[in-house]
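One structure below.
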Amino acid sequence: MGLGDLPLRGMPFGCLRSSKKWGRRWARCARPGECPRDEAPMHVLHVGKYYSPYRGGIETVVEQLCRGLVRRGLSVTALVSNDNSATVEETLDGVRVLRLGRTAELNSQPLNLGLVPELRQMRFDALHFHTPNPVGALAILAARRREPIVVTHHSDIVRQRLLGVAATAAQAALYRRASALVAATPKHIEHSPVLRRFESKSRVIHFPIDASPYVDAPSHWDAELPPTWQSSPLVLFVGRLVYYKGVDVLLEALRLTEGARLAVVGVGPLAPRLVELAARLGIADRVVFLGAVSADRLRAMYKCARFLVLPSVASSEAFGMVQLEAMAAGRPVIATDLRSGVPYVNQHGVTGLIVPPRDPGALAAAMTSLLDNESRAQALGHAAQQRVLAEFDVDKVVDAHVALYEGLPRMAPRSLF
């Protein structure tokens, strides 16, 4: 089932309301503020690892969705981890953000001793959980809440050696308990063993992007890029510097091209090793590692780039939100043919190019084809922008989630736990 298959009812100014007696079905109001006095906005609790300004694909999706739901008149709380031991509550763009103090971190999983107690005492109408997050899944199961649960499956659990069996068991138990499972593309369902087990309750709703800031971004040359580079095509990589991103493959491919310059945006544990690799390959003068940059700087760099490269080598790259960002800015993408949603987002020969993973020669050939043919890159970039506006616009995605929430069942019986 795709985004267009959902029973969208067009609620540009509407909102969902629930009676103060928890568990009743939602009644739709014409506009925010026009509901009877004894009714309150539907309260959706989103549970994830982190929230903006923390940068990451899942965090970007959660932020875009929460902000969009608030604009529809819903009450939204994001229950996440802080990156230190302090518990902090704030309101960002109308979203109540509760960052629980982090006790420890295990395999990139935040451990929050306050998560289960908070889940048990908080009042909400529906819980929307974002996976992979094995520790969070265990906490939700332990809280034994009866409200309906929606789970967005961002990717399968991979490389969790310490949590392995427990993580998989917790995920399966939570998916069994959930009222609905959401996948960003049909490929997520096709390639995920866990989603195929629960295909009857799975549906496709794309990840959202607010395209306007990327469409309207100015094309300003970044101050940290050498001015002499402006006469050469700029290639852009954006992402964490970790194993599955394949930046080492990109550096090998860059060595096989002529004239291009590469800007690497992002931080991660592999940064020192990648800097050394660029020097060893003799391309240090053609690569700049910029680290983390602001959103405004990044949007301007998309506009200056000839194209974005997403050279990921493992299905841990389940979607690639940076693809949507580049496409919204009117830039084509060169990505890899993974068993994930990556080649669904970027359509080969339409919005960019798809190459085999871990193949520097194939990647270099694709890069050269767009470095040597600017008009083709521009045509692909235009098609990419149109695809984003038609299929991934945040308002369309929020409408689909509102329709999903509206159709949720009443509270689950205790026997399901």
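Every number in this text was worked out from the coordinates using simple rules, so none of it is lab data. Keep in mind the model is a prediction, meaning the values are calculated, not measured. Positions of Cβ are generated from backbone atoms using ideal geometry, with glycine treated the same way; all protein chains shown enter the neighbour counts.
Here the contact order of the chain, divided by its residue count and restricted to Cα pairs under 8 Å and six or more residues apart, works out to 16 percent.
The relative contact order of region 164-212 comes to 36 percent, based on Cα pairs under 8 Å that sit 6 or more residues apart.
Near L310, within a Cβ-to-Cβ distance under 10 Å, what is the net charge of the other residues, with Lys and Arg +1 and Asp and Glu -1? Its environment carries a net charge of 0. Angle of helix 57-71 to the longest C-alpha principal axis of the chain, folded into 0 to 90 degrees and rounded to 10: 50°. Round to the nearest 0.05 the FRET efficiency obtained for E374 and S212 when R0 = 30 Å and r is the Cβ-Cβ distance. Working from the Cβ atoms, E equals 0.70. For the chain, build the charge dipole from Cβ charges (+1 Lys, Arg; -1 Asp, Glu) around the Cα centre, then report which of I354, M301, M367 sits farthest towards its positive end. Farthest towards the positive pole: I354. A simple count of charges around G268, restricted to other residues whose Cβ falls under 14 Å of its Cβ and scoring Lys, Arg +1 and Asp, Glu -1, yields +2.
Extension gain for the segment A172 to A142, taken as residue separation times 0.36 nm less the Cα-Cα distance, is 9.4 nm to one decimal.
Going by the alpha-carbon gyration tensor, a ≥ b ≥ c the square roots of its eigenvalues, is region 212-391 rounded (a/c under 1.5) or, if a/c is not under 1.5, prolate (a/b greater than b/c) versus oblate? Since a/c stays below 1.5, the shape of region 212-391 is classed as rounded.
Estimated from the Cβ-Cβ distance and a Förster radius of 35 angstrom, the FRET efficiency linking D93 and A40 is about 0.95. The fewest-to-most ranking of M42, M122, M327 by surrounding Cβ atoms within 10 Å reads M122, M42, M327. If you take all other residues with their beta carbon under 14 Å from the beta carbon of G349, and give Lys and Arg +1 and Asp and Glu -1, the sum is +1. Label reach from D395 (point 7 Å along Cα→C-beta): in region 196-229, amide nitrogens under 20 Å belong to 205-217.
Computed from Cα positions, the angle between helix 271-280 and the longest principal axis of the chain comes to roughly 20 degrees. For the chain, the longest principal axis of the C-alpha atoms and the axis of helix 134-143 are separated by about 10°.
Dividing the helix sum by the residues of the chain, where each DSSP H run of 4 or more adds -39500 (n - 2.57), gives a mean residue ellipticity at 222 nm of -10000 deg cm²/dmol. Here's how it looks for M42: its modeled amide H is under 5 Å from those of L16, R17, S18, S75, which are all 5 or more places away or on a different chain.
Listed options for Rg and Dmax of the Cα atoms in Å are (1) 26.7, 81; (2) 21.9, 70; (3) 20.9, 67. The value calculated from this structure is the one marked (2). Spatially, region 169-218 and region 247-306 are offset by 30 Å when compared through their Cα centroids. In percent, rounded to a whole number, the relative contact order of region 212-391 is 24, using alpha-carbon pairs under 8 Å and six or more apart. Each of S200, S312 has some number of other Cβ atoms within 10 Å of its Cβ, and from fewest to most they run S200, S312.
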